[in-house]
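Take this structure, written in structure tokens, and hold onto it; I'll ask about it next.
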Amino acid sequence: MLKPKSLRSALEKVVPALTSNPKMLQMSIDSGSVTSTLAASLSFEQQYQLNLKFTNYSDDIEQLLAPINLWLRENQPDIMVLNEDKQNGFTFRIDGDAGQNITIALHLTERTLVKCEDGTLQVTTLPEPLPPQPVDRPTELYINGELVSRWVD
């Protein structure tokens, strides 16, 4: 699994409290499952809940939420698109007042490519696909080679 290490590294770089005390963050995984098919490939997808527990955290929660949100944009963008994921994919709970404990739950997926080569299994965890590139705004529409519409901004 690549995403827990990646997220920890990203947070340790930008959250001042973690920079000075990285042990403040405890990570655990639960509710994991594997999705695969009977296709010719043995490739699969891991789906799991990553729990981040920040102990004795006294700064504003936004110092955690903003960088996690940024990390999700690049590493789990569907959490911001799919309705169910928008509601349940990124949640938090706060216990206590000063020196509070904050638990953040993220529903993550990781794709794993499995190839059988020369009697061996070659397993590779795949990065998230790149986001789609913006489409250039057209000014004309052709159907079967014939101009049917032209517009200007």
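Can you compute 3J(HN,Hα) from phi for each residue in the stretch 27-36, using the Karplus curve 6.51 cos²θ - 1.76 cosθ + 1.60 with θ = phi - 60°, rounded to whole Hz and x for Gly and Pro?
10, 8, 10, 9, 6, x, 8, 10, 10, 9
In Å and on Cα atoms, what radius of gyration and Dmax does the stretch 89-153 show?
Over the stretch 89-153's Cα set, Rg and Dmax evaluate to 25.0, 69 Å.
Can you tell me the length gained on complete extension of the stretch Asn88 to Gln49, counting 0.36 nm per residue apart and subtracting the Cα distance?
Separation in residues times 0.36 nm, less the Cα-Cα distance, equals 13.0 nm.
Can you give the log10 of the normalised intensity I(q)/I(0) at q = 0.17, 0.20, 0.23 Å⁻¹, computed with Debye over equal Cα scatterers of the stretch 33-96?
Each listed q maps to, in turn, -0.77, -0.95, -1.11.
Could I ask something else about it? Relative contact order of the chain: what whole-number percent is it, with Cα pairs under 8 angstrom and at least 6 residues apart?
So the answer I get is 21 percent.
Can you tell me the orientation of helix 62-75 relative to the chain, as the angle in degrees between its alpha-carbon axis and the longest Cα principal axis, to the nearest 10?
40
So, with a 1.4 angstrom probe, what is the percent of accessible area on the chain that is carbon and sulfur? Show your work: numbers first, answer last.
Working: 5600 of 10570 Å².
Result for the chain: 53 percent of the exposed heavy-atom area is carbon or sulfur.
Just the number please: accessible area per residue for the chain, 1.4 Å probe, all protein chains included, in Å².
Working: 10570 Å² over 153 residues.
Using a 1.4 Å probe on heavy atoms only, each residue of the chain averages 69 Å².
Turning to a different aspect of this structure: P(r) tail for the chain, what percent of Cα pairs lie past 20 Å?
Everything past 20 Å amounts to 61 percent.
Follow-up. Antiparallel as a % of all DSSP beta bridges within the chain, to the nearest 5?
95
Could you state how much accessible area Ser20 has, in square angstrom rounded to the nearest 10, with a 1.4 Å probe and all protein chains kept in place?
Approximately 100 Å² for this residue.
Using θ = phi - 60° and the Karplus relation 6.51 cos²θ - 1.76 cosθ + 1.60, list the HN-Hα couplings for the stretch 100-112 in order, rounded to whole Hz, with x at every Gly or Pro.
So the Karplus estimates, Gly and Pro as x, are 6, 9, 10, 10, 10, 10, 10, 8, 10, 9, 9, 8, 10 Hz.
Counting each DSSP H run of 4 or more residues in the chain as -39500 (n - 2.57), what helix-only mean residue ellipticity at 222 nm follows after dividing by all residues, to the nearest 500 deg cm²/dmol?
That comes out to -7000 deg cm²/dmol.
Counting only the heavy atoms of the protein chains, how much of Glu128 is accessible to a 1.4 Å probe, in Å² to the nearest 10?
50
Still on this structure, please answer the following. Mind pulling the angle between the C-alpha long axis of helix 3-14 and the longest principal axis of the chain? Nearest 10 degrees, somewhere in 0 to 90.
The angle comes out at about 70 degrees.
The values are calculated or read from the model by the stated rules, or taken from the named source; none is laboratory data. The structure displayed is predicted, hence computed values, not measured ones. Side chains are part of the model used for accessible areas, which takes the heavy atoms of the whole protein and leaves out ligands, DNA and RNA. Shrake-Rupley method; radii C 1.70, N 1.55, O 1.52, S 1.80 Å.
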